[in-house]
Amino acid sequence: MDLWYDDLEVGFSVKSEPILLTKEAIIRFAQEFDPQPFHLDEAAAVGTFFGELVASGAHSFSLTMRLGVNAGVFKGNAVAGLGVDELRFHKPVRPGSWLHGKFTVKALRGSKTKPDVGIVDWLAETFDESEVRVVSAIVRNLVLRDPQRLT
């Protein structure tokens with residue numbers, strides 16, 4: 001699905017298919033980007049605040065972006081990310097979680113300097129298999145306008 005800026009309106013939403021987060025993926029991400037005991041080792045994680053292995057918040061947000069790409073929101077005519085606001089980690093993400101995303105247009109505005117693009121603020125939310133929201137953020141994207149609809 002290639003969404004043009006002109007196809008969008010406030011309230012429009014897209015849902016992604018679920019993906020499985022494995023223990024191995026959590027550890028692999030943590031080894032490279034967030035090497036803390038509760039992300040790296042199940043035995044060591046028992047003695048931490050979480051009491052078990054959990055995904056890094058950075059990993060959880062990265063998965064949110066992946067879900068957005070999978071859903072067609074952050075690819076195709078979405079040409080650049082402009083920023084992230086209000087990033088929240090609501091609940092820890094555990095190994096074996098099936099995660100899916102919901103992406104809802106919160107605001108739209110045309111570019112003042114580039115008439116061929118618009119700016120979209122997406123409410124990006126990730127949920128686990130129990131429909132518990134684990135991550136949310138406002139993701140600002142630059143999206144191409146449909147050249148056939150430019151006036």
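The values are calculated or read from the model by the stated rules, or taken from the named source; none is laboratory data. Predicted, not measured: the structure shown is a model, and the values here were computed from it. So basically every Cβ, Gly included, is an ideal-geometry build from the backbone, and we count neighbours across all protein chains shown.
Going residue by residue through region 48-69, is there one that turns out to be surrounded by fewer than 16 Cβ atoms within 10 Å (Cβ to Cβ), closer than 23 Å to ILE138 by Cα, in contact with a helix residue (DSSP H, G or I) (Cβ under 8 Å, 6 or more places away or on another chain) and modelled with pLDDT of 95 or more? It would help to see each step written out before you state the result.
Of region 48-69, the ones surrounded by fewer than 16 Cβ atoms within 10 Å (Cβ to Cβ) are 48-52, 58, 62, 69.
Right, trim to closer than 23 Å to ILE138 by Cα and you get 58, 62, 69.
Narrowing the set further to residues that are in contact with a helix residue (DSSP H, G or I) (Cβ under 8 Å, 6 or more places away or on another chain) leaves 58, 62.
Now drop any that are not modelled with pLDDT of 95 or more, which leaves 58, 62.
Yes, the conditions are met somewhere in region 48-69.
Would you point out which residue out of GLY72, GLY51, GLY68, GLY83 is outside any strand (DSSP E or B), closer than 30 Å to GLN31 by Cβ and in contact (Cβ under 8 Å) with a residue 40 or more places away in the chain?
GLY68
Pairs under 6 Å by beta carbon, first residue closer than 12 Å to LYS91 by Cα and exposed (fewer than 15 other Cβ atoms within 10 Å of the Cβ) in region 118-138, partner at pLDDT 95 or above and hydrophobic (A, V, I, L, M, F, W, C), six or more apart or different chains?
ARG133/PHE127
In region 46-63, what count of residues is obtained for those that are small (Gly, Ala, Ser) and more than 23 Å from LEU87 (Cα to Cα)?
Residues meeting the conditions: 2.
Among (1) loosely packed, with under 13 Cβ neighbours inside 10 Å; (2) modelled with pLDDT of 95 or more; (3) part of a helix (DSSP H, G or I), there is one condition ALA43 misses while meeting the rest; what is its number?
Here ALA43 clears every test but (2).
If you scan region 101-117, which residues turn out to be crowded, with 19+ Cβ neighbours inside 10 Å and not hydrophobic (A, V, I, L, M, F, W, C)?
If the condition is that a residue be crowded, with 19+ Cβ neighbours inside 10 Å and not hydrophobic (A, V, I, L, M, F, W, C), then GLY101, LYS102 are the ones that fit.
Out of (1) farther than 26 Å from GLU32 by Cβ; (2) in a strand (DSSP E or B), what's the single condition that is false for ALA137?
Tallying (1) farther than 26 Å from GLU32 by Cβ; (2) in a strand (DSSP E or B), ALA137 fails exactly one: (1).
Go through region 98-113 and give me each residue that's modelled with pLDDT of 95 or more and of a type in the set (Val, Ile, Thr).
Matches in region 98-113: THR104, VAL105.
Which one is farthest from THR104 (Cα to Cα) among residues in region 7-33 that are touching a strand residue (DSSP E or B) at 6+ places or on another chain (Cβ under 8 Å) and surrounded by 14 or more Cβ atoms within 10 Å (Cβ to Cβ)?
Pass one, region 7-33, residues touching a strand residue (DSSP E or B) at 6+ places or on another chain (Cβ under 8 Å): 8-21.
Restricting the remaining residues to those that are surrounded by 14 or more Cβ atoms within 10 Å (Cβ to Cβ) gives 8, 12, 14-16, 18-19, 21.
Working: LEU8: 10, PHE12: 6, VAL14: 7, LYS15: 9, SER16: 12, PRO18: 17, ILE19: 19, LEU21: 23 Å.
By that ranking, first place goes to LEU21.
Pairs, please: C-beta under 8 Å, at least 6 apart or cross-chain, first residue without any contact (Cβ under 8 Å) to a residue 60 or more places away in the chain and in region 18-34, second surrounded by fewer than 16 Cβ atoms within 10 Å (Cβ to Cβ)?
Final answer for the pair search is ILE27/ASP41; PHE29/ALA58; PHE29/SER62; ALA30/GLN36; PHE33/ALA58; ASP34/ALA58.
Just checking, does region 10-29 include any residue being more than 18 Å from GLU125 (Cβ to Cβ), basic (Lys, Arg) and out of contact with any helix residue (DSSP H, G or I) (no Cβ under 7 Å at 6 or more places or on another chain)? It would help to see each step written out before you state the result.
Step one: filter region 10-29 for residues more than 18 Å from GLU125 (Cβ to Cβ), giving 20, 22-29.
Now restrict to residues that are basic (Lys, Arg): 23, 28.
With the extra rule that they be out of contact with any helix residue (DSSP H, G or I) (no Cβ under 7 Å at 6 or more places or on another chain), the set shrinks to 23, 28.
Yes: region 10-29 contains one or more residues that are more than 18 Å from GLU125 (Cβ to Cβ), basic (Lys, Arg) and out of contact with any helix residue (DSSP H, G or I) (no Cβ under 7 Å at 6 or more places or on another chain).
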